[in-house]
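Participant: Below: one structure in structure tokens.
The values are calculated or read from the model by the stated rules, or taken from the named source; none is laboratory data. The shown structure was predicted, so the numbers you read here are calculated from the model rather than taken from an experiment. So basically every Cβ, Gly included, is an ideal-geometry build from the backbone, and we count neighbours across all protein chains shown. Side chains are part of the model used for accessible areas, which takes the heavy atoms of the whole protein and leaves out ligands, DNA and RNA. Shrake-Rupley method; radii C 1.70, N 1.55, O 1.52, S 1.80 Å.
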Amino acid sequence: MLTLAVTATLTALASGTAGVVQPPAAPAGSPAAVVGAPAARAGAAAAAAPVVIAHRGASGYAPENTLAAVDAAHRLGVDWVENDVQRTKDGELVIVHDDSLARTTNVEQVFPGRAPWKIKDFTAAEISRLDAGSWFGSAYAGARVPTLKQYLQRVDRNKQKLLMEVKNPALYPGIEKDILKVLRAQGWLDAAHVRSRLVVQSFDAASIRSVHRQHTGLVTGFLGTPKVADLPKYAAFTDQINPQHTTLSTAYVTAVHKLKGAHGQRLRVNTWTVDDAANARKVKGFGVDGVITNRPDVVRAAMRG
């Protein structure tokens, strides 16, 4: 794990984007919504517009998975943000989507001889030196890769909610236990967070089973589109089936909704990644519960229309 000095460096560098172009402001009176809590969604939810979830933060307006993207979603009035958690060589949990640092940082310039620049091959101190914002735009130069701890603190500060993806768990044996340890240390396993502010999801069914087994109270989601005949197997350990929007139909969403998940409530469907008005209206028509998007303002406006 990191020394106190490295942790301080990460904290100091993870944010700071004054003067950037801001995304559109949220309309007054934007309703708060709960995407995760199994006890919070009853009959009234069916008539409501699907919950909007900012994919990797509001990543259409700020560099993905940075604190700037969390803040961009907050300025839009978006309660829910989604992120991706992976693990460094020395055991720190960091927020990055790809298993390589190459696409979203300047790692090739800082460490030119270390291709293919996999996260698991770098220490947290090394990753803290990287610029995770310039690729998106010069206004974000100097943005850093946040640790999970920093990310949780920012989401909490903004009074937002988190849909957390366990990314590439096969690369990081035991990462589920590590995630739960950080969540607990940051106060995210208290009743209020577990009830309505946190969902843990993954494409890896074994990883989600592990999370459910280690903390049965947590709301969990499976990323993908299992066969309808297999849905009852997933319902034993998860509360959500979260498919890509191109795989969906009204019939599939209805089949998911007929089942109760691990906490005895109706299985939910959050679909991804929808960035345009036409597809937003389409998936709303399918009856989904939530929509994951890089452009939450666009999707929200379309589904309210």
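Participant: Taking region 261-270 as the region of interest, how many residues are surrounded by fewer than 22 Cβ atoms within 10 Å (Cβ to Cβ) and either among the β-branched types (Val, Ile, Thr) or closer than 19 Å to PRO50 by Cα (or both)?
Facilitator: 2
Participant: Among TRP80, TRP117, which is the only one that is among the aromatic types (Phe, Trp, Tyr) and under 17 Å from the mean Cα position of the chain (by Cα)?
Facilitator: TRP80
Participant: Take the residues in region 160-185 that are open to solvent by 60 Å² or more (accessible area, probe 1.4 Å) and free of Cβ contacts under 8 Å to residues at least 40 places away in the same chain, then tell me which one is nearest to ILE241 (Cα to Cα).
Facilitator: ALA170
Participant: OK, next. If ALA302 satisfies all but one of (1) out of contact with any strand residue (DSSP E or B) (no Cβ under 9 Å at 6 or more places or on another chain); (2) free of Cβ contacts under 8 Å to residues at least 24 places away in the same chain; (3) more than 26 Å from ILE208 (Cβ to Cβ), what's the number of the condition it fails?
Facilitator: Just one mismatch for ALA302, condition (2).
Participant: Quick one: is GLN214 over 25 Å from THR273 (Cβ atoms), in contact with an Asp or Glu (Cβ under 9 Å, 6 or more places away or on another chain) and not acidic (Asp, Glu)?
Facilitator: yes
Participant: Quick one: would you say ASP84 is of a type outside the set (A, V, I, L, M), surrounded by fewer than 24 Cβ atoms within 10 Å (Cβ to Cβ), within 14 Å of LEU163 (Cα to Cα) and touching a residue at least 24 places away in the same chain (Cβ under 8 Å)?
Facilitator: yes
Participant: Does region 278-288 contain at least one residue that is in contact with a Leu (Cβ under 6 Å, 6 or more places away or on another chain) and within 29 Å of GLY174 (Cβ to Cβ)?
Facilitator: So far as region 278-288 goes, no, none of its residues is in contact with a Leu (Cβ under 6 Å, 6 or more places away or on another chain) and within 29 Å of GLY174 (Cβ to Cβ).
Participant: Only one residue in LEU152, LEU148, LEU183 is farther than 27 Å from ASN106 by Cβ and in contact with a strand residue (DSSP E or B) (Cβ under 8 Å, 6 or more places away or on another chain). Which one?
Facilitator: LEU183
Participant: Among the residues of region 187-213, how many are open to solvent by 40 Å² or more (accessible area, probe 1.4 Å) and touching a Leu at 6+ places or on another chain (Cβ under 6 Å)?
Facilitator: Going through region 187-213 one residue at a time, the tally reaches 1.
Participant: Say whether the condition of being in contact with a Ser or Thr (Cβ under 9 Å, 6 or more places away or on another chain) and open to solvent by 60 Å² or more (accessible area, probe 1.4 Å) is met by at least one residue in region 220-240.
Facilitator: no
Participant: Now for a different question. Only one of ASP90, ASP156 is surrounded by fewer than 22 Cβ atoms within 10 Å (Cβ to Cβ), under 18 Å from LEU198 (Cβ atoms) and in contact (Cβ under 8 Å) with a residue 24 or more places away in the chain. Can you tell me which?
Facilitator: ASP156
Participant: Among the numbered conditions (1) in contact with a Lys or Arg (Cβ under 9 Å, 6 or more places away or on another chain); (2) of a type in the set (D, E, K, R); (3) farther than 30 Å from GLN150 by Cβ, tell me where ASP289 comes up short.
Facilitator: (3)
Participant: Among the helices (runs of 4 or more DSSP H) confined wholly to region 107-203, which include 2 or more residues that are under 15 Å from LYS89 (Cα atoms)?
Facilitator: Helices (runs of 4 or more DSSP H) meeting the threshold: 124-127, 175-185.
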